[in-house]
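All remarks here apply to the structure that follows.
Just so it is clear, none of the values below were taken in a lab; they were calculated from the coordinates. Just so you know, these numbers come straight off a predicted model, no measurement behind them. Methodologically, a virtual Cβ is constructed for each residue, glycine included, from the backbone with ideal geometry; neighbour enumeration extends over all protein chains shown.
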Amino acid sequence: MTSTPNREGAVPVTAAHRILVLNSGSSSVKYQLLDMRDSSRLAVGLVERIGEETSRLVHSPLTGDGDGGGEGSGKRERTGPIADHEAALKAVADELTRDRLGLDSPELAAIGHRVVHGGLKFSAPTVITDEVLTEIERLVPVAPLHNPANITGIRTAQALRPDLPQVAVFDTAFHTTMPESAARYAIDIETADAHRIRRYGFHGTSHAFVSRETAKLLGKDPSEVNVIVLHLGNGASASAVRGGECVDTSMGLTPLEGLVMGTRSGDIDPAVTFHLKRVAGMSTDEIDVLLNKKSGLVGLCGDNDMREIRRRIDEGDQRALLAFEIYIHRLKKYIGAYYAVLGRVDAVVFTAGVGENAAPVRAAAIAGLEELGLAVDADLNAVRTDSARLISPEYARVAVAVVPTDEELEIARQTYALVNA
Ligand code: ADP
């Protein structure tokens, strides 16, 4: 990469300081361009419904004011067919060029790709080579929905800028520190190893970012604190982080395990699947769809948006209330389990769409845990802000916090650190 000595000739000043972060899904690409000198965003956007007639690109150049950048007034939208990922990325490149932020700029240091499954092999961000791509491909059987889209995104970006370092940042990487006692299922060990069946965990970039930011909020080094992170988005996962290292997490071989989610069941007796097959006559694919897409909050009450569920509860809707109670019950079980795993807990932290915004979820999950040193202050919990904050009363032994996650910034940081190493 390009770097020049500064005036004193001692510390290299990097000329290339921008990172493009790409999150490629099966029919969408989300992107952010960041300036790593101050971690500000220069542009954000997404292309959705790729391959359909009604594809849509939304692009926002931002002010880059050093605090993350505010939504610029220049938001641009276009709809119309975008055939594939290659066309999508070209359209993104055109938008960036219009803002003089083109992919051909010497200021672009690298492209950081979110890759969902890195298996056991990738415990850190990795510069993408042919061998690395082959390995990501080898993991498709354990991440059939995600890794193929990630691979397409990488290939397309490589074609556009073959000379530029492309870095894979894995959702699973943060969890590779889990001990075998947490990572292994208690099934026949040879069968498990033959098929790489174990708990990998996901949302790792978020758990890494949020646990570190929580330590910062407490004025401590990550190595000094034990944190329970509750990433509650549409997908949801919990993790137990001891001294900056993940020691347990709720998602497993796939993102299906663990907490009740927007559309996923989370933990379930595996015999339910045999029963559905033998008694209900469902196929494996049908069961897959049932548990991943038609379960969780949506399966229980027809809605997966916590705002809507709360609205229905306020109107006295009993199904919405039951869904909420099942969601909270599971959450509480994980808080208790990870408390026991960690032994000493310094903070329980809520993040992602539900965790950052749904005060009733935070209040209900912590309610009744005073004996564990956990409590939520109602006034602090009601405050609406985008900043990391404590919501526990001063007397509480364990901090309860809300810390907004920022997976794109974390991917950009890891990518930039790697290409500058
Ligand atoms: P993902 O990245 O998994 O798609 P997000 O972290 O963006 O999800 O979270 C999306 C979810 O956050 C929504 O489905 C909704 O349930 C919840 N959410 C967003 N805003 C609010 C809000 N103001 N109040 C309650 N829940 C919210």
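The table below gives the values:
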quantity: Nitroxide proxy distance, nm - points 7 Å out along Cα→Cβ at A367 and S105; calculated: 4.9
quantity: Calculated from backbone phi, Karplus (6.51, -1.76, 1.60) coupling profile of the stretch 110-118 in Hz, x at Gly/Pro; calculated: 5, 10, x, 10, 6, 10, 5, 10, x
quantity: Point-charge dipole on Cβ atoms (K/R +1, D/E -1) for the chain, about Cα centre, debye to 20; calculated: 220
quantity: Cα gyration tensor shape of the stretch 94-202, rounded if a/c is under 1.5, else prolate or oblate by comparing a/b with b/c; calculated: prolate
quantity: The chain: relative contact order as a whole-number percent, Cα under 8 Å and 6+ apart; calculated: 13
quantity: Three-way shape label, the stretch 69-156, alpha-carbon gyration tensor, a/c 1.5; calculated: prolate
quantity: Rounded to 5, the percent of DSSP beta bridges in the chain classed as antiparallel; calculated: 70
quantity: Fluctuation leader among A240, A91, A401 - the chain, Gaussian network, Cα springs under 10 angstrom; calculated: A91
quantity: Long-range amide H partners of V400 with built H, under 5 Å; calculated: V348, I391, S392
quantity: Cα gyration tensor shape of the stretch 182-244, rounded if a/c is under 1.5, else prolate or oblate by comparing a/b with b/c; calculated: prolate
quantity: Full-stretch length increase - Y395, R307 - with 0.36 nm per residue and alpha-carbon distance subtracted; calculated: 28.6 nm
quantity: Part-to-part distance (alpha-carbon centres) for the stretch 109-175 and the stretch 271-299, which is given in Å; calculated: 30
quantity: Sequence ranges 227-238, 121-132, ranked by mean other-Cβ count within 10 angstrom, highest first; calculated: 227-238, 121-132
quantity: CD proxy at 222 nm, helix term only [per DSSP H run n ≥ 4: -39500 (n - 2.57); per residue of the chain; nearest 500]; calculated: -10500 deg cm²/dmol
quantity: Length released on extending from K333 to V127, taking residue separation times 0.36 nm less the Cα-Cα span; calculated: 70.3 nm
